[in-house]
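S.K.: Once you've had a glance at the structure underneath, I'll fire off some questions.
The values are calculated or read from the model by the stated rules, or taken from the named source; none is laboratory data. Keep in mind that this is a model prediction, so the values were computed, not measured. Backbone-built Cβ (ideal geometry, glycine too); neighbour counts: all protein chains shown. Calculation scope for accessible area: heavy atoms of the full protein, side chains included, ligands and nucleic acids excluded. Shrake-Rupley method; radii C 1.70, N 1.55, O 1.52, S 1.80 Å.
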Amino acid sequence: MAAGLGLGGLTVLVLLLWITSPYPDGGPGGALHIAADLWLMAHGAPLVRTETLDGAPAPVGLVPLLLCAVPVWLLHRTARGAVRGPAAPGGFLGEDEGGPPWRSVGWISAGYLLVAAGVTAYATTGPIQVDPVAAALRLPAVVVGAAAAGAWTGLGRPLPAPPPARRGRGRGRHAPAGAPGAVRAALTRPGASAALRGAAAATAALCAAGALLTAGTLLWHVATAQRAAFPPLTPTWSGLVATLLLALALTPNAAVWGAAYGLGPGFTLGGGSSVGPLAVTGLPPLPDFPLLAAVPAEGPGTPVAWALAGTVPLAGGLVAAWGVAGTAVPGRGRCALGAGATACAAALAACGCGAAMALLAVCAGGPLGTGTLAHLGPDWRLTGAAALGWTAALGVPGALVLRAWRLRPPRR
């Protein structure tokens, strides 16, 4: 059902645009192939464009992240309802009737991948076709990962209990015996919860700040008439709607690119170009596309650009500190973590934020061809390292300051 809903929704949308287009290219079979390609692309499977000027196949690997949200959400919701059992709304294959949660995840993943295998076989022909080898590697990882996350949510997001320590003086009950005291405290369940909360909050803050930075730059360029916000790519309403839908689907990608710009490494638009707060160099001729109007003009950075870019790491570090401190001191006078454990949890949160931003940079970029279009987007290594460094530099002292402030004695 999850696979059918996602595939059916995309098919209806593509057929509607094909029907309303005054110049349809091909018959309904071509529209159905595009719908199958988009559904597989939403799971991370790269496409290959065979009809090129030089005859060589060109990869299409830049995946709109908003397109991925629909199948991932459907899988997550299905697995969440499965482990909750028949008593929950939409629940089935619960633990009492279907066995342990992993069995439900296995059945859901197997059924979903069975549908995906048929769609992959159908989409291996045509001018734009799926790469079956890459689809066989990426589809199972996305499907199983989304289903497992849904099952974990349905079970109440439990955290594994740390292994018990050996008996001895000065050794914690739930952490490895050879670890320092602060590290042992940070590896307990409250410390792990603080680190996870801080990492998730910092990642969300970086992406939100990147989205605001991109939107502000886009509005500024439109207001100053430097670029068009919606260039006339096509005179038809169906073409304008398709362009608008593509721009909306790429909005999460633009948020990650804006976060990478604010963190410092920036991103590339192909051809050896570099777009960062310090300088914008080597820009190739950009096509008329709404989101590309937010790209700064080529040249060195300005103090205004540096100040705006600095809000991105500042937001990530402060939000990470707030998340860790809120778990370390859940209430006035209630201290769950000491100062050393809070600092270690903030450092672990920075590591989690760096890993998450590196993964998002991988997902937000990709190729749109060969040569100058072989890679577009941020570099995942530099983006992850910058997110880790900025979040640790701002989050660790910020978490300690917020912890001390929450532990201040009440005024009489």
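S.K.: Tell me which residues, restricted to the stretch 230-252, are part of a loop (DSSP other than H, G, I, E, B) and either open to solvent by less than 40 Å² (accessible area, probe 1.4 Å) or modelled with pLDDT of 85 or more (or both). Don't jump to the end; show me each part of the working.
M.R.: Quick first cut of the stretch 230-252, residues part of a loop (DSSP other than H, G, I, E, B) only: 230-236, 250.
Once the filter is applied, which keeps residues that are part of a loop (DSSP other than H, G, I, E, B) and either open to solvent by less than 40 Å² (accessible area, probe 1.4 Å) or modelled with pLDDT of 85 or more (or both), the stretch 230-252 yields Pro231, Thr234, Thr236, Leu250.
S.K.: Please count how many residues of the stretch 133-161 are open to solvent by 20 Å² or more (accessible area, probe 1.4 Å) and either touching an Asp or Glu at 6+ places or on another chain (Cβ under 7 Å) or modelled with pLDDT of 90 or more (or both).
M.R.: Matching residues across the stretch 133-161 total 11.
S.K.: Counting only residues that are touching a strand residue (DSSP E or B) at 6+ places or on another chain (Cβ under 7 Å) and charged (D, E, K, R), give me the helices (runs of 4 or more DSSP H) lying completely in the stretch 1-92 with at least 1 of them.
M.R.: Values: elements: 2-20, 28-41, 65-84.
Passing ranges, in order: 28-41.
S.K.: Is the stretch 361-372 home to any residue that is open to solvent by 10 Å² or more (accessible area, probe 1.4 Å), modelled with pLDDT of 90 or more, part of a helix (DSSP H, G or I) and over 17 Å from Ser193 (Cβ atoms)?
M.R.: yes
S.K.: Next question. Need pairs with beta-carbon distance below 7 Å; first residue open to solvent by 40 Å² or more (accessible area, probe 1.4 Å) and within the stretch 326-346, second small (Gly, Ala, Ser) and modelled with pLDDT of 80 or more; sequence gap 6+ or separate chains.
M.R.: What qualifies is Ala336/Ala328.
S.K.: Mind telling me which of the residues Leu75, Leu53 ends up being farther than 15 Å from Gln129 by Cα and at pLDDT 90 or above?
M.R.: On the way: Leu53 fails: at pLDDT 90 or above.
Every option except Leu75 fails the conditions.
S.K.: Still on this model: Determine whether Ala215 is at pLDDT 80 or above and either touching a helix residue (DSSP H, G or I) at 6+ places or on another chain (Cβ under 6 Å) or farther than 19 Å from Pro64 by Cα (or both). Walk me through it before giving the result.
M.R.: On the way: at pLDDT 80 or above: yes; either touching a helix residue (DSSP H, G or I) at 6+ places or on another chain (Cβ under 6 Å) or farther than 19 Å from Pro64 by Cα (or both): no.
So Ala215 fails the test.
S.K.: Just to be sure before I move on: is Pro285 surrounded by 20 or more Cβ atoms within 10 Å (Cβ to Cβ), without any contact (Cβ under 8 Å) to a residue 60 or more places away in the chain and farther than 26 Å from Arg197 by Cβ in the structure I sent? First the steps, then the outcome.
M.R.: Working: surrounded by 20 or more Cβ atoms within 10 Å (Cβ to Cβ): no; without any contact (Cβ under 8 Å) to a residue 60 or more places away in the chain: yes; farther than 26 Å from Arg197 by Cβ: yes.
No; evaluated as a whole, the condition is false for this residue.
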